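A short worksheet on the structure shown next.
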Amino acid sequence: MILLACTALFLGACATGPKWAFDVQDVPPLKLDGQIYTYDREGSLADDPEILMVTEEMRDFVELYTGESNNAHNKLMALHRAIKGQGALAMQYDPFADGTARDAFDRGTANCLSYAHMFTALAREAGLNAQYQWMEVRPEWHRMGDRVAVRLHVNVQVKMRDSTEYMVDIDPLNRNEVAGARLMSDAEGFALYYNNRAMNALAVDRPVIAWQQLVRGLEEAPGLSQLWVNLGAIYRYAGQYAEAEQAYFHALEIDGSDRSAMNNLVVLYELQGRGNEQSYWEDRLERYRSLNPYYHASLGDVAMEEKDWEQAYEHFARATKMQPDDGLLIYSQGLAAHELGNDEEAERLISQAIERASFQVEKQRYRVQLKIIREQQAAAL
């Protein structure tokens, strides 16, 4: 498997909220410094950056490195080598290198999202079946001041006619960072492009541009709850607390477990001195954490670092009960069992982890640990 996006920051936490059918005309205007800003849909569409556009130079690149092969697998490998190899494009990872497919190609640097744009465009030009893929990153259970960081990672899946799937990534996540994955539509990929432009604008104190870019992203994919959370953050920045609350609730209508939206509600109600509602969402977050296997896994990781093997075992046991198909959680529970001296239990758990591991590299790592445990047992006899 090719393990060739990156990290974007999503800002950040009444039991019911307002609802509306999506139309850009329904998005409340931005009110800032005595001015009212509305969304110019026609002007925005006229400024289409053509995110997946392939230039003549890009076509020549694809033809040069893949044109002689009729085999899809060989085309993919040749394209990957040409992009990453030192003698061709020599693409380098840069977490701040946003942009379109053309931007990344011309610049020679990319973050996960711009790389996904570029590789998708080039792979399709080569006749390959390439799609954006959303990688669900395990939650990070902490607040950062009045903002909550939520990691987003995007890469590319290339599927062959025989259903073999390859994952192409410029900056692969560690396996213990991944909680799941799903394919994305082109529209969702485009929406994230506008989202990143919005967050970059907000970072340099240009909230009007940030708001316009986010609304443009919502035109592409109004079903991405993260964009609504970020829109709410801009309204909060402008002091439009009612509009911020509305955006956070809309995010929760889309995804009732969106912890960033919950965190943002906590922050908003704290700012407004609405203690009862703040407490409600703090309690809701705590309940959400208690029902999330990766929260318990994070507690298990901390216990492992502190060599508290009993606590680690209990936390991982709870996590695996909630997520019984995650090989890494089972493996971690097995390691804790081994440290507690229960090698029979450790062997059973690590053997299960091998069966349920998604990637061969994981299976191999688990087999090595299982072999070490068995050798230690034999030496103790």
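The values are calculated or read from the model by the stated rules, or taken from the named source; none is laboratory data. Computed from a predicted model, the values in this text were never measured in an experiment. Here the Cβ positions follow ideal geometry from the backbone for every residue, glycine too, while neighbour counts run over all protein chains shown. Surface accessibility is based on the protein's heavy atoms, side chains included, excluding ligands, DNA and RNA. Shrake-Rupley method; radii C 1.70, N 1.55, O 1.52, S 1.80 Å.
A few comments on the model shown:
- Filter result for VAL158 (outside any helix (DSSP H, G or I) and open to solvent by less than 10 Å² (accessible area, probe 1.4 Å)): yes
- Search result, residues across the stretch 336-381 that are open to solvent by 60 Å² or more (accessible area, probe 1.4 Å) and within 17 Å of ASP326 (Cα to Cα): ARG348, GLU355, ARG356, SER358, PHE359, GLN360, VAL361, GLN364, ARG365, ARG367
- When ALA337 is tested against (1) assigned to a helix (DSSP H, G or I); (2) modelled with pLDDT under 95; (3) under 23 Å from ASN292 (Cα atoms), exactly one condition is not met: (2).
- Within the set GLU314, GLU286, GLU305, the sole residue that is out of contact with any helix residue (DSSP H, G or I) (no Cβ under 7 Å at 6 or more places or on another chain), at pLDDT 95 or above and acidic (Asp, Glu) turns out to be GLU314.
- Scanning the stretch 270-295 for residues being assigned to a helix (DSSP H, G or I), open to solvent by 60 Å² or more (accessible area, probe 1.4 Å) and hydrophobic (A, V, I, L, M, F, W, C) gives a total of 1.
- Residues of the stretch 217-242 that are of a type in the set (D, E, K, R) and either under 20 Å from ASP258 (Cβ atoms) or at pLDDT 95 or above (or both): GLU220, ARG236.
- Residue check for PRO49: closer than 30 Å to ALA244 by Cα and in contact with a Cys (Cβ under 8 Å, 6 or more places away or on another chain): no
- Filter result for ASN230 (crowded, with 24+ Cβ neighbours inside 10 Å and of a type outside the set (Gly, Ala, Ser)): yes
- In a residue-by-residue description of the stretch 246-267, the property of being under 30 Å from GLU339 (Cβ atoms), open to solvent by 60 Å² or more (accessible area, probe 1.4 Å) and β-branched (Val, Ile, Thr) applies to no position.
- Residues of the stretch 106-121 that turn out to be open to solvent by less than 10 Å² (accessible area, probe 1.4 Å) and more than 14 Å from ASN155 (Cα to Cα), as a count: 0
- Only one entry in ASP308, ASP301 is in contact with a Ser or Thr (Cβ under 9 Å, 6 or more places away or on another chain), over 21 Å from HIS250 (Cβ atoms) and surrounded by fewer than 19 Cβ atoms within 10 Å (Cβ to Cβ), namely ASP301.
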